[in-house]
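Notes for the one structure printed next.
The values are calculated or read from the model by the stated rules, or taken from the named source; none is laboratory data. These numbers come from a predicted model, not from an experiment. Virtual Cβ from ideal backbone geometry, glycine too; neighbours counted across all protein chains shown.
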Amino acid sequence: MNLILKEKKCFVFDMDGTIYLGDELIKGSYELFQYFNHHNIDYFFLTNNSSNSVKDYINKLNEMGIESGESNIITSSTSTISYLKRNFDICQQVFFIIGTPSMEEEFRKASINFITKKDEHTKIDAVVVGFDTTLTYKKLADASYYLNMNKTLIATNCDYICPLPEGEVTPDCGSIVSLLERTIECSVTYCGKPDIAILEPIFKQGFQREEMIIVGDRLYTDIALGFENEIDTALVLTGEATPQTIVESEVAPTIVLKSVESLYLTLKNKNKNREIFR
């Protein structure tokens, strides 16, 4: 396992449940990124959480003592924006969006035309759903109104829950989408992990798949992204996944760690066997 980790030139990290929970860093996270900076090892943050903007994440990470900037943060919002630009005429077409003010800000900066309230005089071309911590019944009703006329549903990510400190969870984008799918029968396109397109900014910087490892806490997003695309993965048990879900899953991580602290200790050649599950 040491060889798998030490040969990597690019580490790709999920955030929620992997390096922090809520506003608290998971033990070992600070030391790990200090190690990366000291040894000039490249790292990226890749999150399916669309409730915050790239700017929000930069501020949060920097306040926690972890260096970051626009070049190494990729969100499901930015991936969704790229999808819309590839598949729609954003200068002419209009979207109905369920999302936080931060997500709306990202779409506005990208010159995406959108509305957030029902307007009988506006024809929309797709409904776009994100992880909306400001969700209301009115938003769901308005989205259903548009989906009833236009069956095109696009979602930033498929995560059902977002982990919080003390083992608590809150409904994520996938849960909102499930409700809409039960209300209006339609198909959905997910733009975040495990869609390989979310890694395009990293590939554009010249990194090859064999040089990368994806570190995350979810089997069906973080680990599936690597598993389905021949990229090594490290599953940490500080978020959603448990030893039982690993056994039950058809998606297998390359390695399993208790936490990012185990990753740090392994890279420092101080890891003890009890820290490693696989």
### Message
Only one of 40, 62, 52, 48 is free of Cβ contacts under 8 Å to residues at least 60 places away in the same chain and surrounded by 21 or more Cβ atoms within 10 Å (Cβ to Cβ). Can you tell me which?
### Response
52
### Query
Any idea which of 28, 69 is surrounded by fewer than 23 Cβ atoms within 10 Å (Cβ to Cβ), modelled with pLDDT under 95 and not assigned by TED's automatic domain parsing to the domain that holds residue 172?
69
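Give the residue, chosen from 109, 151, 138, that is within 22 Å of residue 48 (Cα to Cα), in the same structural domain as residue 182 (by TED's automatic domain parsing) and out of contact with any helix residue (DSSP H, G or I) (no Cβ under 8 Å at 6 or more places or on another chain). Show your work before the answer.
On the way: 151 fails: within 22 Å of residue 48 (Cα to Cα); 138 fails: within 22 Å of residue 48 (Cα to Cα).
Answer to the selection: 109.
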### Query
Within the set of pairs 6+ apart or on separate chains, which have a first residue in the stretch 219-233 that is basic (Lys, Arg), a second that is part of a loop (DSSP other than H, G, I, E, B), and C-beta atoms under 6 Å apart?
none
### Residues located in the stretch 200-235, provided they are part of a helix (DSSP H, G or I) and surrounded by fewer than 24 Cβ atoms within 10 Å (Cβ to Cβ)
200, 201, 202, 203, 209, 210, 211, 219, 220, 224, 227
### Summary
Exception for residue 32 within (1) in contact with an Asp or Glu (Cβ under 9 Å, 6 or more places away or on another chain); (2) under 13 Å from residue 267 (Cα atoms); (3) without any contact (Cβ under 8 Å) to a residue 24 or more places away in the chain falls at (3)
### Message
Suppose we filter 116, 122, 80, 133 for residues that are surrounded by 22 or more Cβ atoms within 10 Å (Cβ to Cβ) and either farther than 30 Å from residue 223 by Cβ or among the polar types (S, T, N, Q) (or both); which single one remains?
### Response
80
